[in-house]
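The values are calculated or read from the model by the stated rules, or taken from the named source; none is laboratory data. What you are looking at is a predicted structure, and each value in this text was computed from that prediction instead of being measured. Reconstructed Cβ throughout: ideal geometry from the backbone, glycine too, with neighbour counts over all protein chains shown. Side chains included, ligands, DNA and RNA excluded: accessible areas come from the protein's heavy atoms. Shrake-Rupley method; radii C 1.70, N 1.55, O 1.52, S 1.80 Å.
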Amino acid sequence: IYSCCYLSRRLNQLSSHDPLWKRHCKKYWLISEEEKSQRNQTWKAIFISTYSDLGRYIRYYATLKKAWDDLENYLGQRCPRMIGSLKESVREEDLDAVEAQIGCKLPDDYRCSFRIHNGQKLVVPGLMGSMALSNHYRSEDLLDIDTAAGGFQQRLGLKQCLPLTFCIHTGLSQYMALESVEGRNKYEIFYQCPDQMARNPSAIDMFITGTSYLEWFTSYVNKVVTGGYPIIRDQIFSSCFPFCRYVHDKECVATTGDITVSVSTSFLPELSSVHPPHYFFTYRIRIEMSKDALPEKACQLDSRYWRITNAKGDVEEVQGPGVIGEFPIISPGRVYEYTSCTTFSTTSGYMEGYYTFHCLYYKDKFFNVTIPRFHMVCPTFKVSTARMVSRDAVVETNHNEYAVDEDEDSTDTDEYEDRRRVLDIPAPSGRCPRHT
């Protein structure tokens, strides 16, 4: 439109019609009426000045700006200290300098996001979610551009990979491949997973978390702001889309009488491996009695029963007293939550079962409460392109996804139940607070 204005007087008049530029300012740059008033410029002037600065990002800016705005608004009410950890935007020349430093081009959607916010400070809690078990904690920060550039990899197994996140507790990062090398697709985002059976230290398997920065970041934000990830103690206890976060399937709820049981699950890449096949999952169970229940419905949990099925159809049954060494009392309006975990040697599996309760007012009355079936699925992964398969250092090339031998049953170590199959690990304080 701006170029056409030089062709004729009429087109010049049309190009100065402010409502026309207003529509473009709102569509591409998300400029509000209030911001327009503060800038004291015409819509045309605002569009042209913004385009001169951000024009290369016109395909991505509105989507990423909305994601950042939604995230800030949501966390500002629930995790205010996390908002304080966000850094201001970087300049175009700063991004150019990083490209010169690492010798690779950054994708425009990544650059665009950093023109809005330069990641966050290395603090806890991390913007990209947290995970807590009794003896395992992680919290992922979104790296600023300078820190990310400092962690740029050129070593075998992670050639031309840029870290996007970092957990100071586990040392784990999510990486973005800046070139299509070593079996990766350009701009693919993944967690690294060393091949524990390979002699070659460069043999890195990958759990895929995104196909582009835009898809990776906006999918995560959408999960956060729609309540898909709970906010607990000023932290996003959120997974898999990235994997440190609990994901709740809204259909994974079962109600028995006045008691409702719901389950959220998460995959932990830092405790998992492709070779040997060992996929670590954690799940968070919430037990709640309706606040409208009669007082005499109060009851105490006595035992649990699990039926565990792996991807091969092998079934194992586990029964034991209480949960995590506790025998919680449930009364009207009360919620009890706990965290547990399990492992599979197959890429997926599911669990279901029931709790046995006894009534406090009628001690001889026992009843079962259904635990809904919940599935645990390992995300897409790619096996290393440099896997050593024998002592003679024979290297096989394998780019297949889900290429893994599944010839073992799932295994667990239970400190409460003499190394039984299902771990019952309490949350750090013994019980996580309710998310309201």
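Which of the lysines could be linked to Lys105 by a straight reach, that is with a Cα gap under 19 Å, when you skip same-chain ones fewer than 8 residues away?
Leaving aside lysines fewer than 8 places away in the same chain, those within reach of Lys105 are Lys159, Lys186.
Along each of its three principal axes, how wide is the spread of alpha-carbon positions in segment 105-168, in whole angstrom units, largest first?
In descending order, the Cα extents are 42, 33, 16 Å.
Shape call for segment 66-116 from the C-alpha gyration tensor, a ≥ b ≥ c root eigenvalues: rounded (a/c under 1.5), prolate (a/b greater than b/c) or oblate?
Because a/c hits 1.5 or more and a/b exceeds b/c, segment 66-116 counts as prolate.
Summing +1 for each Lys or Arg and -1 for each Asp or Glu, what net charge is found among the other residues whose Cβ lies under 14 Å from the Cβ of Gly171?
With Lys, Arg at +1 and Asp, Glu at -1, the net is -2.
Which of the three applies to segment 312-379, rounded, prolate or oblate, going by the alpha-carbon gyration tensor with a ≥ b ≥ c and a/c under 1.5 meaning rounded? Show your work: numbers first, answer last.
Numbers: a/c = 2.68, a/b = 2.11, b/c = 1.27.
Prolate, since a/c reaches 1.5 and a/b exceeds b/c.
What order do you get for 309-322, 372-385 when each peptide is scored by the mean count of other beta carbon atoms within 10 Å, highest first?
Result, highest mean Cβ count within 10 Å first: 372-385, 309-322.
Given the convex hull over the Cα atoms of segment 61-221, what projected area results after averaging over all orientations, in nm²?
Spelled out: convex hull of the Cα atoms, projected over all directions, averaged, 9.9 nm².
Once the Cβ-Cβ distance between Ser89 and Ile48 is put in as r, and R0 is 22 Å, what FRET efficiency do you end up with, to the nearest 0.05?
According to the calculation, E is roughly 0.65.
Compare Thr42, Thr356 by solvent-accessible area with a 1.4 Å probe and give them largest first, with all protein chains kept in place.
Order by accessible area, largest first: Thr42, Thr356.
Which lysines, on any chain, are close to Lys26 with Cα under 27 Å apart, when same-chain ones fewer than 8 places away are left out?
Straight-line reach from Lys26, under 27 Å: Lys36, Lys44, Lys65, Lys66, Lys87, Lys223.
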